[in-house]
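One structure below.
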Amino acid sequence: MGAGVRVAIGNAAIADKLLSLAHFLADQKGTAFRVKAWRRAARTIRTLGESFDELVRNDADLTQYPGIGNGIASAIREIVRTGTLRQLETLRAEVTPERAAIAEYPGLD
């Protein structure tokens with residue numbers, strides 16, 4: 001890979017980051033509404049056939065998809081463009097290494 005070549009991120013990887021964020025928010029006793037919103041968005045992304053990476057690159061309106069509002073759309077764009085989500089990394093840094101390791105497996109609830 002040469003400089004400037006960007007590897008596409010799949011829907012499953014985006015959904016996993018959103019689910020991990022939901023787990024951390026739930027651990028911190030975040031509002032049930034917010035936790036559900038992140039989980040719902042992850043489900044939407046995982047089940048849709050369209051590539052969210054491609055949608056972001058084409059500057060599509062992500063809020064047209066069920067369960068994706070402006071805040072979550074912004075997070076998806078950040079994940080696609082940078083490969084990470086600042087809010088998730090901040091929360092991950094605040095927990096024990098063991099808890100952070102568990103969050104790497106968002107299917108565990």
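Give the residues of the range 17-60 that are more than 16 Å from residue 81 (Cβ to Cβ), open to solvent by 90 Å² or more (accessible area, probe 1.4 Å), without any contact (Cβ under 8 Å) to a residue 40 or more places away in the chain and assigned to a loop (DSSP other than H, G, I, E, B), sorted by residue number.
29
Return the total of residues in the range 6-16 being over 21 Å from residue 69 (Cβ atoms), among the hydrophobic types (A, V, I, L, M, F, W, C) and part of a loop (DSSP other than H, G, I, E, B).
The number of residues fulfilling the criteria is 2.
Quick one: in the range 63-77, which of the residues that are part of a helix (DSSP H, G or I) and open to solvent by less than 40 Å² (accessible area, probe 1.4 Å) is farthest from residue 23 (Cα to Cα)?
Among those that are part of a helix (DSSP H, G or I) and open to solvent by less than 40 Å² (accessible area, probe 1.4 Å), it is 73.
The values are calculated or read from the model by the stated rules, or taken from the named source; none is laboratory data. Every value quoted in this text rests on a predicted model; they were computed, and no experiment measured them. A quick note on method: Cβ atoms are made from the backbone with ideal geometry, for glycine too, and the neighbour counts reach across all protein chains shown. Calculation scope for accessible area: heavy atoms of the full protein, side chains included, ligands and nucleic acids excluded. Shrake-Rupley method; radii C 1.70, N 1.55, O 1.52, S 1.80 Å.
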